[in-house]
Amino acid sequence: MDTIAAIATTTGAGGIGIVRMSGDNCFEILKKIFIPKNKNVDIDKVKGYTIKYGYIINPETQEKIDEVLISFFRAPRSYTTENMCEINSHGGTVVERKILEQCLLNGASLAKPGEFTKRAFLNGRIDLSQAESVIDLINSKTDKEASASFEQLQGRLSKEIEDIRNELLDIMADIEAQIDYPEYDIEETTNEKATKILNNIKNKLMALENSFENGKLLKEGVKTVIIGKPNAGKSSLLNTLLDEDRAIVSDLEGTTRDTIEEFINVEGVPLKIIDTAGIRDTDNSVEKIGVEKAINLIDDADLIIAVFDSSKKLDKEDFRILHLIKDKKSIILLNKCDLSENNAETTSYMSNLNKIVIKASMKTKMGIDKLYKTISNMFNNDEIELNNGIIITNIRHKNQIHKAITSINGALESINNNVTVDILAIYIKETLENLGEITGNNVSEDIINKIFSKFCLGK
């Protein structure tokens, strides 16, 4: 493979910048552009996992570009299993690009997104599910999401899948023996053993599939929809949660016409917050679309925060909102509790509902801490617990597991219907193929390219 190079650190000013190279000619290129401070250093003899100090230069002009530390990694003990080096320079776009330019001018090719990790996969250091966990770990927004991604990177899911595949191969061995030696009456024994193993595998796969609901919350966040009438304080709540003026707040009703989405972290719980248009009857065609979108979002929400104006009596629109959230996981936020004209009837009515009710004021920030604690209690402890470190966060993995369960059901049904073992073998092979796509044992090049295209440059 070609020697590749890319900037591995984020764009912008920083204390340190890293340019990474990997490939057979890595050290040959490095010898052209790196002058060790210690003149006795022979790059060909530098051991892996060591660092050398010196300068990156333009070999044509001998101009020094930057003072650097070079980390050496010798094949096969590197991230890609190839010869690798990481050039640790001063941070900053200009310096990093000048160093990368010298790598490219002297024989390296610019790495594609995710190409370093792709080489780690193609060279057998990690499997496909571990490779996918790298980008998940990079994009983690909470501690728990990072923990789940790291567990997958360590191969917990891979080992579970591989153990299941070995059990299926054990069944296949018995089936092959039955096909090759029909004179031995072992069909009943094979079926009994297969039924026991298949049911056990099915339970394991279903546990993994069910873990996706938690994994989805970890990765995508708890879909939290803020609803209420116009001027109840929805946009003020969004701004308070974000600690910035993200949404327009005005005394004029109907200011919010479309949804506004943001991501926040509430005591370790990832929330995808969606502010919506105020729910009311309106003749304005644009506002009407916004109201319809708000109502439709209620059905897909993991959590609803319904904001009410505690200074006013409840009207038909308030009762309409209460009806919409009746069977939903929701929190009622009684806003404007700082006003002297607080309506006791509204507060009393809400308190008697079978809902969590929080008295609040977006003006004084009253009730915000209680809201945070309530959300944490609702999700952090009960909803998003890692299942012994094995949790599915990737929709591709979930879909493949679902296909595998379908094939297992077909296998069990074929046994119950006394179908020939050839049919049973087909279902088991389908299961093996479905699971193999998770780890990359059998996966198309198109899927591989699609997965790694989502990575950042330098990784």
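The values are calculated or read from the model by the stated rules, or taken from the named source; none is laboratory data. Just so it is clear, the model here is predicted, and its values are computed rather than measured. FYI the Cβ positions are ideal-geometry reconstructions off the backbone, even for glycines, and counts take in every protein chain you see.
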Report summary line: Listed by first then second residue, the pairs whose first member lies in region 311-332 and is farther than 16 Å from Lys234 by Cβ, whose partner is part of a loop (DSSP other than H, G, I, E, B), with beta carbons under 6 Å and at least 6 positions apart or on separate chains, are Lys313/Asn343
Report task. Hey, can you tell me all the residues within region 373-429 that are among the basic types (Lys, Arg) and either modelled with pLDDT under 85 or farther than 30 Å from Ile331 by Cα (or both)? Result -> Arg396, Lys398, Lys403, Lys429
Query raised in the report: Within the set of pairs 6 or more residues apart or between chains, which connect a residue that is closer than 22 Å to Asp327 by Cα and in the same structural domain as Asn265 (by TED's automatic domain parsing) inside region 356-372 to a residue that is polar (S, T, N, Q) and assigned to a loop (DSSP other than H, G, I, E, B) with Cβ atoms less than 8 Å apart?
Result: Lys359/Ser310
Requested in this report: Kindly indicate the residue of region 8-27 that is touching a helix residue (DSSP H, G or I) at 6+ places or on another chain (Cβ under 9 Å) and either crowded, with 24+ Cβ neighbours inside 10 Å or acidic (Asp, Glu) (or both) and also farthest from Arg74 (Cα to Cα) among those meeting that condition.
Outcome: Gly17
**Report entry** Residue match in region 105-117 (condition: without any contact (Cβ under 8 Å) to a residue 60 or more places away in the chain and within 16 Å of Leu157 (Cβ to Cβ))
**Finding:** no
Query raised in the report: Any residue at all in region 6-18 that is within 22 Å of Thr61 (Cα to Cα) and β-branched (Val, Ile, Thr)?
Result: no
Query raised in the report: Among the strands (runs of 3 or more DSSP E) confined wholly to region 34-89, which include 1 or more residues that are without any contact (Cβ under 8 Å) to a residue 12 or more places away in the chain?
Result: 63-73
Report task. Would you confirm whether any residue within region 64-78 is modelled with pLDDT under 95 and surrounded by 15 or more Cβ atoms within 10 Å (Cβ to Cβ)? Result -> no
Query raised in the report: In region 144-168, which residues are surrounded by fewer than 22 Cβ atoms within 10 Å (Cβ to Cβ) and within 12 Å of the chain's Cα centre (by Cα)?
Result: Lys144, Ala146, Ser147, Phe150
Query raised in the report: Of everything in region 350-360 that's hydrophobic (A, V, I, L, M, F, W, C) and in a loop (DSSP other than H, G, I, E, B), which residue is surrounded by the most Cβ atoms within 10 Å (Cβ to Cβ)?
Result: Ala360
Query raised in the report: So which of Gln178, Gln154 is of a type in the set (S, T, N, Q) and modelled with pLDDT of 85 or more?
Result: Gln154
Query raised in the report: Which condition breaks for Ser129 when tested against (1) part of a loop (DSSP other than H, G, I, E, B); (2) surrounded by 22 or more Cβ atoms within 10 Å (Cβ to Cβ)?
Result: (1)
Query raised in the report: Could you list, in sequence order, the residues of region 303-340 that are in a loop (DSSP other than H, G, I, E, B) and closer than 16 Å to Asn231 by Cα?
Result: Ser310, Ser311, Lys312, Lys313, Leu314, Asp315, Lys336, Cys337, Asp338, Leu339
Report summary line: Checked Lys370, Lys363 against criteria (surrounded by fewer than 16 Cβ atoms within 10 Å (Cβ to Cβ), basic (Lys, Arg) and modelled with pLDDT under 90); the one match is Lys363
Query raised in the report: When you look at Ile51, is it in contact with a helix residue (DSSP H, G or I) (Cβ under 7 Å, 6 or more places away or on another chain) and closer than 13 Å to Ile87 by Cβ, yes or no?
Result: no
Report summary line: The helices (runs of 4 or more DSSP H) lying entirely within region 388-459 that contain at least 3 residues which are surrounded by 15 or more Cβ atoms within 10 Å (Cβ to Cβ), more than 18 Å from the chain's Cα centre (by Cα) and touching a residue at least 24 places away in the same chain (Cβ under 8 Å) are 395-416, 421-439
Query raised in the report: Which members of region 8-37 meet the condition of being within 33 Å of the chain's Cα centre (by Cα), at pLDDT 95 or above and within 20 Å of Tyr53 (Cα to Cα)?
Result: Ile18, Val19, Arg20, Met21, Ser22, Cys26
